[in-house]
Amino acid sequence: MPPKKRHSGVTQSREPKPDADSASSPDKQDSPELSEKKHREKDAKFVSLCKSLHVSDLVCDRAWALWKTVQESMDKVPGSQERLWGACLFVIVTDMDIGCFTVTQVLKAVSLNLKQFLVVVRQLDVNLDTISTKVNSALTRLEKKYDVMLALYQRFEKTCKNIFVLTPDGKERETTRTCWTMFLLSKGRALQMEDDLVISFQLLLCTLELFIKRCSPDQLQPLYQSAISKVQTPPTRTSRRSQSKAKSRPVEPEVDAQLLETLCKDNECNIEEVKNVYQTSFMAFLESVDLSRSTDFPQVNFINQQYEEHYLKSRDIDGRLFFDGDESVLPPKVEISQVERTPKKNQPDEDGPMIPPQTPIRAAMTSIKMLRGDLPPNGDQPSTALATYFKNCTVDPTQDVQKRLETLGQVFSQKFGEAVGPRCVVYGRQRFALGVRLYYKVMEAMLKSEEKRLSVQNFSKLLNDSTFHTSLLACSLEVVMATYEESSFKNGGSDQTGTNLCFPWILNVLSLAAFDFYKVIESFIKAEQTLSKDIIKHLETCENLIMERIAWRT
């Protein structure tokens, strides 16, 4: 919640607020070295904490002012002072857009893991409207990013046991450590929206493929030994002339289709989507770190140094700590038991297949597989039945429908790429193609239902209504993005546009009024019988958000 007027002076001292240029470089307006003489009236331990986190005098003053307000407003201060000091410093630094310390550095300084720290920061909002929308948004993004990284590491650990043979000297440990660090680096370089679970997981499989094919067969489990043996075939003899031609031509990085297919099958991931990620984002990453033409293992020190630079620049969680089992990134024990729970059998009166173990990645892969399986394979064009409905109209809408899809497809893909990361426009096109297939499928089901109810076949007014088509398409795309975990309310959602794909992002992209989207949701759910409970719940949340606040905006 935005701060109330009565507390507007808490986080702002009398000194002028830094402008955009000076905010990113605190030393321009303030000495980067904390002057202890200026802070003699403050608690020595607080000043010591500020010094260890390299904050400026201005940040120290504002965080202390916030702490004093917290003290005055609470009858009893929950937890230790140091932890709340860390929370106050985080709030001030986030509000001021100053990069003094990373999230991991503050966690280490106050001896908390990330989940505990989030609870402490949010405690500041219990009796005070201390946390601004900006800070709240940063907390939400941080929590989602952590949850995604934890899910990815747990899957990585499990997958590596299926790939690498354990050796007495622990050589595989060094290989997997470098592999994980290189994945973190590729994710940081390829995605601006690093909390995208599905694309991140696909990048992880690409990184594993690169490392597996550089291993000797004796380092691998039998399944991957057989896959890699097809890669390491001895080179055939070529004439000197053809050899010199090959030298002059740049060597293209090759993805081994058989190996990637084995990885995808083992992890229930769509092979075509992973190939796409490899050929666009991953190959571009390899090129950027000069590894695309190398057949050797990436240098440990080089990868570490590159990731260290990325981590310090992003001021975020140090993802390498997952590999070390560091306390600052360990999840609460309850969460571990929930993630690793065994398959749940359906009740006798419930239909459908047996529910697999619901780790976040498995749940996402299963949902995507179900979505793709439920859509007609050649559904990028209207079916014969839908084309007949179009022709039965007084004015045939076919051309308008196609033009609209072409225009909106370009807009959607472009905006998707801007939000997710460079070279991600192609993934936007993939999502849009799936959305179009669902759009046609649901439209046909709606028209068949209406024909049965009204005994008419001419739906000219409805099918020539541009708003109806855009609303139905928006709903289809929202379902696709929710299935891919790109639009999710698991961590509260967000109204910030451009920074993530969470609803109502789709409304802004397609220039659609919220109430028009609202009107189509109920009919969409009735027409599409295969929607999962989670997707129906997601659409109902969209419905509630529209009625509670989005529809009432100016």
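Stokes-Einstein, applied to the Kirkwood radius of region 496-554 over Cα pairs at a viscosity of 1.306 mPa s and 10 °C, places its translational diffusion at 130 µm² s⁻¹.
Only the Cβ atoms of Lys and Arg (+1) and of Asp and Glu (-1) were treated as charged; on that basis the dipole of region 34-144 about its Cα centre amounts to roughly 300 debye.
Note on region 360-469: dipole from Cβ charges, positive end direction compared against VAL436, PRO360, GLN457; the farthest Cα belongs to PRO360. Can you flag which of LYS108/LYS145; LYS452/LYS519; LYS115/LYS158; LYS391/LYS537; LYS161/LYS313; LYS265/LYS441 are past 26 Å Cα-Cα? Table pairs above 26 Å Cα-Cα are LYS391/LYS537; LYS161/LYS313; LYS265/LYS441. Pair-distance distribution of region 97-185: all C-alpha pairs, bin width 10 Å, starting at 0; shares per bin in whole percent are 13, 34, 28, 17, 7, 1. Highest mean packing first, where packing is the average number of other Cβ atoms within 10 Å per residue, the peptides 87-95, 59-67 line up as 87-95, 59-67.
Sorted on the mean count of surrounding Cβ atoms within 10 Å across their residues, most packed first, peptides 533-545, 97-109 read 97-109, 533-545.
Between LYS448 and GLU543, the C-beta separation translates, for a Förster distance of 25 Å, into a calculated FRET efficiency of about 0.55. Global size of region 428-554: 14.5, 47 Å for Rg and Dmax (C-alpha atoms, Rg to one decimal, Dmax whole). Measuring r between the beta carbons of SER216 and VAL119 and using R0 = 56 Å, the FRET efficiency lands at 0.75.
Distant-in-sequence amide contacts of LEU220, defined by a placed amide H-H separation under 5 Å and a gap of 5 or more residues or a different chain, comprise VAL165.
Listed by chain and number, the aspartates and glutamates placed with their C-alpha closer than 12 angstrom to that of LYS461 are ASP396; residues fewer than eight positions away on the same chain are left out. Peptides 187-193, 37-43, 113-119 ranked from most to least packed by the mean count of surrounding Cβ atoms within 10 Å: 187-193, 113-119, 37-43.
Computed from the coordinates by the stated procedures, all read-outs in this text should not be read as laboratory data. What you are looking at is a predicted structure, and each value in this text was computed from that prediction instead of being measured. Glycine also receives a Cβ, built like all others from the backbone with ideal geometry; neighbour counts cover every protein chain displayed.
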